[in-house]
Amino acid sequence: MLELNPRNAKAQNLLGAACATAGDLACARAAFDASIRADPRDPSSYVNLGQLYVQLGDSDAAVSTLTEALALDPQSTAAREALAQARAAAGR
């Protein structure tokens, strides 16, 4: 699907998750960024990118990204949980 339409946000988000699972964090970040550019209103890409930032130890970027996810979907349990994790890691 990405070969046919590299701007497919859901496919980029899935690629990012696959890359993160495989440990290719640069690929994951690039795919999540591409997903957000393709559909900046989809909170799931922000959640995944925020979780990646937590994994990388970048709490400030995680908090910022996950706050954006919650602005898009205030009911997102995944965003709330990841934000709590990021804040705890940042000592906030």
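The values are calculated or read from the model by the stated rules, or taken from the named source; none is laboratory data. Every value quoted in this text rests on a predicted model; they were computed, and no experiment measured them. Cβ sites come from the backbone with ideal geometry, for glycine too, and all protein chains shown count toward neighbours.
Among the numbered criteria (1) part of a helix (DSSP H, G or I); (2) surrounded by fewer than 20 Cβ atoms within 10 Å (Cβ to Cβ); (3) among the polar types (S, T, N, Q); (4) modelled with pLDDT of 95 or more, which single criterion is violated by residue 75?
Among (1) part of a helix (DSSP H, G or I); (2) surrounded by fewer than 20 Cβ atoms within 10 Å (Cβ to Cβ); (3) among the polar types (S, T, N, Q); (4) modelled with pLDDT of 95 or more, the lone unmet condition for residue 75 is (1).
Taking residue 62 and the conditions (1) over 13 Å from the mean Cα position of the chain (by Cα); (2) surrounded by 14 or more Cβ atoms within 10 Å (Cβ to Cβ), which numbered condition does it fall short on, given that it satisfies the others?
It is condition (1) that residue 62 fails.
Look through segment 65-81, keep the residues that are farther than 17 Å from residue 13 by Cα and aliphatic (A, V, I, L, M), and return whichever of them is nearest to the chain's Cα centre (by Cα).
Among those residues, the one meeting the criterion is 70.
Are any of the residues in segment 15-24 surrounded by fewer than 21 Cβ atoms within 10 Å (Cβ to Cβ) and not in a helix (DSSP H, G or I)?
Yes, some residue in segment 15-24 is surrounded by fewer than 21 Cβ atoms within 10 Å (Cβ to Cβ) and not in a helix (DSSP H, G or I).
Give the residues of segment 56-92 that are of a type in the set (S, T, N, Q) and in contact with a Pro (Cβ under 9 Å, 6 or more places away or on another chain), sorted by residue number.
76 - this is the single residue of segment 56-92 that is of a type in the set (S, T, N, Q) and in contact with a Pro (Cβ under 9 Å, 6 or more places away or on another chain).
When the residues of segment 43-61 are narrowed to those that are over 20 Å from residue 9 (Cα atoms) and part of a helix (DSSP H, G or I), which ends up modelled with the highest pLDDT?
Among them, the one singled out is 61.
How about segment 25-42: which of its residues are more than 9 Å from the chain's Cα centre (by Cα), basic (Lys, Arg) and not in a loop (DSSP other than H, G, I, E, B)?
Across segment 25-42, the qualifying residue is only 37.
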